[in-house]
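These notes concern the structure reproduced below.
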Amino acid sequence: MDLHKMKGTPSSPEKTCTVKVNARICIKDVDSDEVFTFCLVPPENLDARNGKISILTTLGAALIGKAVGNVVTWRAPSGPRRFKVQSVFLDEAMLREPPTTHRRRID
């Protein structure tokens with residue numbers, strides 16, 4: 001997962017208290033001060049190129065349930081990284097979007 005492609009700032013006006021499914025979150029790398037914004041989505045809606053990461057990724061799982069101000073340690077392939085949750089917004093557009101279905105032929 002390339003977090004550098006997910007830089008930006010939150011845009012949704014509805015702030016929530018904790019990280020949950022379909023939330024747009026903004027995190028800051030505690031060591032480098034880099035800021036990343038993305039949506040946490042169910043696995044079937046994964047689209048990392050468009051800033052949607054699955055709640056089942058190691059980063060997604062580490063963030064679920066965390067509140068603004070919490071620091072999370074993520075075990076990235078390059079080594080541990082620490083992120084502070086800067087903001088959490090409910091992404092209403094994600095809630096209206098129909099889930100993506102993937103069909104695979106099983107022989």
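The values are calculated or read from the model by the stated rules, or taken from the named source; none is laboratory data. As the structure is a prediction and not an experimental result, all values here were calculated from the model. Glycine also receives a Cβ, built like all others from the backbone with ideal geometry; neighbour counts cover every protein chain displayed. With ligands, DNA and RNA removed, areas are computed over all heavy atoms of the protein, side chains included. Shrake-Rupley method; radii C 1.70, N 1.55, O 1.52, S 1.80 Å.
A few notes on this one:
- The stretch 19-38, subset assigned to a strand (DSSP E or B), more than 17 Å from residue 79 (Cα to Cα) and not hydrophobic (A, V, I, L, M, F, W, C), residue most open to solvent (accessible area, probe 1.4 Å): 24
- The residues on offer are 104, 81, 75, 96, and the sole one that is at pLDDT 95 or above and open to solvent by 20 Å² or more (accessible area, probe 1.4 Å) is 81.
- Subset of the stretch 51-60 (residues that are over 17 Å from residue 90 (Cα atoms) and either assigned to a loop (DSSP other than H, G, I, E, B) or not hydroxyl-bearing (Ser, Thr, Tyr) (or both)): 56, 57, 59
- Taking the criterion of being assigned to a helix (DSSP H, G or I) and of a type in the set (D, E, K, R), the residues of the stretch 39-50 that qualify are 44, 49.
- Residues in the stretch 43-63 that are surrounded by 15 or more Cβ atoms within 10 Å (Cβ to Cβ) and touching a strand residue (DSSP E or B) at 6+ places or on another chain (Cβ under 7 Å): 45, 46, 51, 52, 53, 54, 55, 59, 60, 62, 63.
- The number of residues in the stretch 29-56 that are among the basic types (Lys, Arg) and under 12 Å from the mean Cα position of the chain (by Cα) comes to 1.
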